[in-house]
1. Against the condition assigned by TED's automatic domain parsing to the domain that holds MET654, free of Cβ contacts under 8 Å to residues at least 24 places away in the same chain and in contact with a Phe, Trp or Tyr (Cβ under 6 Å, 6 or more places away or on another chain), how does TRP263 come out, does it pass?
2. Tell me yes or no: at least one residue of the stretch 631-638 is touching a residue at least 12 places away in the same chain (Cβ under 8 Å) and buried (at least 17 other Cβ atoms within 10 Å of the Cβ).
3. Only one of these conditions is not met by LYS474: (1) in contact with a Pro (Cβ under 9 Å, 6 or more places away or on another chain); (2) buried (at least 16 other Cβ atoms within 10 Å of the Cβ); (3) not in a loop (DSSP other than H, G, I, E, B). Which number is it?
4. Which count do you get for residues in the stretch 343-370 that are touching a residue at least 40 places away in the same chain (Cβ under 8 Å) and either under 27 Å from ASN330 (Cα atoms) or touching an Asp or Glu at 6+ places or on another chain (Cβ under 7 Å) (or both)?
5. Name the pairs whose Cβ atoms lie under 9 Å apart, with the first residue in the stretch 418-434 and in contact (Cβ under 8 Å) with a residue 60 or more places away in the chain and assigned by TED's automatic domain parsing to the domain that holds LEU455, the second assigned to a loop (DSSP other than H, G, I, E, B) and among the acidic types (Asp, Glu), and 6 or more positions between them or separate chains?
6. Residue by residue through the stretch 569-626, note down the ones that are assigned to a helix (DSSP H, G or I), more than 21 Å from PRO662 (Cα to Cα) and either touching a residue at least 12 places away in the same chain (Cβ under 8 Å) or not hydrophobic (A, V, I, L, M, F, W, C) (or both).
7. Which condition number in (1) outside any loop (DSSP other than H, G, I, E, B); (2) at pLDDT below 95 is the one that LYS395 fails?
8. Kindly indicate which of ALA109, ALA45 is modelled with pLDDT under 50, buried (at least 17 other Cβ atoms within 10 Å of the Cβ) and of a type in the set (A, V, I, L, M, F, W, C).
Amino acid sequence: MVDTARAQGLRERKPQSAALATQQGNDVLSNGAKDASSKKYRARAVPSSTWWDDKDWAIMAVLTLLGAALRFWQLSNPPEVVFDEVHFGKFAAYYIRREYFFDVHPPLAKMLHALGGWLAGFDGVFEFENIGDKYLKFGVPYVRMRSTSAIIGTLQVPLLYGIMRETGMNAAISAFTTCLLIFDNGHITQYRLILLDAPLTLFMMWSFYAYLRFYKQRYNEFSAGWWTWLLATGAGLALTLACKMVGLFTIVTIGIAVLADLWRLLDVKRGQNMQHFGKHFVARSVGLIVWPACIYLFTFWIHFAILHKSGPGDNFMSPQFQHTLKGNPNLQLSKRVHYYDRVMFKHKGTDAYLHSHAEKYPLKYDDGRISSQGQQVTGYPHNDTNNWFQLIPTKAIPESPANERAVRNGDVVRLLHVNTESYLMSHDVASPLTTTNTEFTTTPANETATYDNTLFEIRISDIAESHKKSLASKADLIHIIHMSLRVSMSTFESTLPEWGYKQQEINGNKNALDVKSMWSVDEITVSPDDPDYEDRVKPNPPREVKSMNFFKKFVELQLQMLHQNNLLTSSHPYATGPINWPFVLSGISFWTDEESKKQIYLTGNLVSWWIGVLSVSIYSGIMVADALARRRGTEPIEQNIRRRMHNTAGFFVMAWFCHYAPFYLMNRQLFIHHYLPAHICSCVVGGMVINFVASETIEGPLSEPGPLLLSSASEPSAPASSSSSAAAVADSEAKALGLYPHGPKSKPEPLTRNQLTLGARLVMFVLLLALIAVFVWISPLTYGTPGMTQEQIRRRKLMPGWTLHFA
């Protein structure tokens, strides 16, 4: 560890020009020392020019141009659909055609790609059906569409440089850290295609940058700058979440930091009353909860406003939702259901039809249980004559008027299976697969002893009108509830054994109103005896789309997104577990060309990714060792350096953990590109660890000087007993800021410049050379060109787990 005295000496090295610049901004207290006993120091904010000089702008410009060059290089290659462009390019086409589709991700990133396609002149006809489909054959402006990702990926470069500078790293370390992103093959591959990760990581980085700027305004509470960066943080969080649901990890990261900040403000030693704390709590609630929620909702409002036509996503939504879409077939074909009509019931979750046939349940199941040997009732995925059931009333139905024959919410009915002349029933017998649920079977139509077991209540879900709303086909979702057992007819995707023809089990769910037990009337045959028969068999006249409350649509879509996301559990040849990602043990094949032996293979730059994970480990080890040493009464790290390490590197280690650890809890398909946000966080930690090892200094003061958040002993709200504590906190924080190193009446400390040793610069230079060398070596896998021989491909297989083609 660098000697503390030497570190202090480095902190006192100040170029004369920098000292003069800051002296003009910080040489006097803003209001003077009005009351020396109050310990309430005030200083003017450090001008932004203090931090950003011409050298910074020049470095950032060069890095940005370099990042743009690497992301736009060979953007036209390959002129074919690559990997998940089959999904997100297709979604852009749907947006342009304004046809409703469903996806498990929120809409913002997809809408940005659609906007890029629209600006590029894409007509939405090409549907990105298969990997390898030719763009040029159909005149798709794919280069301009891919430019959306490339531009967004380029914008991350100056943002990362800004994050490093705002945390006090000098220009050299900030540039080195930015290069870890610029030359990373994984990020370049992902940011050159029509994919969602570029917008996601950009808004994540903006959230971190904005929060850093907000936190640095904490001594200027409730000022214009304070509010600006608070709202900017909230906007970043909303936009991150609006790209992908994993944006929740960014929200958790900022949320933990905010809670820690509020805990600090709550400290009685600060001398602030609860009213003052309440203002801070309300302000953060508005800026980081209410404001982001409004932005997030707005993205979905735009999504619904654009996609107003019927499309491939209709069937994922409820009939009520579908009826808001222009051209939806269910809206036009919907009919009111009457008694004695023959209907087919379709399950909402699995699209299986209620079905029965003459075969019986086996007497004895494989687990030794005994069945009723009743007629099988199953869920069948296809339209079939054995799906027809007739609605039989349990009360007298008048011949006229015709609307008195309508089946209404709450009616009790019997369901006659047409082909076998038997009534649907349930009884207190365990179902074949789900022993906690009841068995569904049928009973002969002339059997009277089982009458009560054949009674079912029709419960219409989400009734907008009266409690006696009539049932409509292709429009209403219903629960079919057994009257005596109070179980709801349900099914799921697991299938029966061979004796059940691999059809789905139908059983009685004891949670009668479970959303997984909802059905709809999908087909209807009007009874010839119906008094209104002639009118009901005529085609419906054209109907206007219906309206639906925005919040109902929003909630329904959110629940469906979460449900479908949890179903992504099937295997994939390139899916890998999180333990593999930090070490780049595997990758993903994006595209191959058999003839030219070209391929695109997503994998990270080993130097960049290993520096990241090693730095996280080093920081954790340093903090543990420091904590153990302090328990034994020694202080290996000076207090202010420790605090700064916690506030900078500690924050980004937490961000890395929040964006990485949750994947261990997910039971779904996972890929290495899910690690990209966490990798960026680890790159930041890498720069900070190098800074700690090389100098233990940062460029300070970090925070904008201003009215400190401390109560004076003379203020009525501050308890008299807390005055000395508040003064001590004032002295400590002022010293930590580097504002008043020689006491409260001294002049503010000029800007401290962080100076790296020659050895540190040489180490970074060597690492940078290694980073660039690895980037260049595996760049043919990143850009998909040029084609390579089998031997050349084998030599680029740097890790045994990389499944390269043609090797």
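The values are calculated or read from the model by the stated rules, or taken from the named source; none is laboratory data. Since this is a predicted model, take the numbers as computed values, not measurements. Cβ sites come from the backbone with ideal geometry, for glycine too, and all protein chains shown count toward neighbours.
1. No.
2. Yes.
3. All conditions pass for LYS474, except number (3).
4. Summing the residues that are touching a residue at least 40 places away in the same chain (Cβ under 8 Å) and either under 27 Å from ASN330 (Cα atoms) or touching an Asp or Glu at 6+ places or on another chain (Cβ under 7 Å) (or both) in the stretch 343-370 gives 13.
5. Short answer, once both residue conditions are applied: SER422/GLU447.
6. LEU606, VAL607, SER608, ILE611, ILE618, GLY621, ILE622, MET623, ASP626
7. Among (1) outside any loop (DSSP other than H, G, I, E, B); (2) at pLDDT below 95, the lone unmet condition for LYS395 is (1).
8. Step by step, each of ALA109, ALA45 is checked, and only ALA45 is modelled with pLDDT under 50, buried (at least 17 other Cβ atoms within 10 Å of the Cβ) and of a type in the set (A, V, I, L, M, F, W, C).
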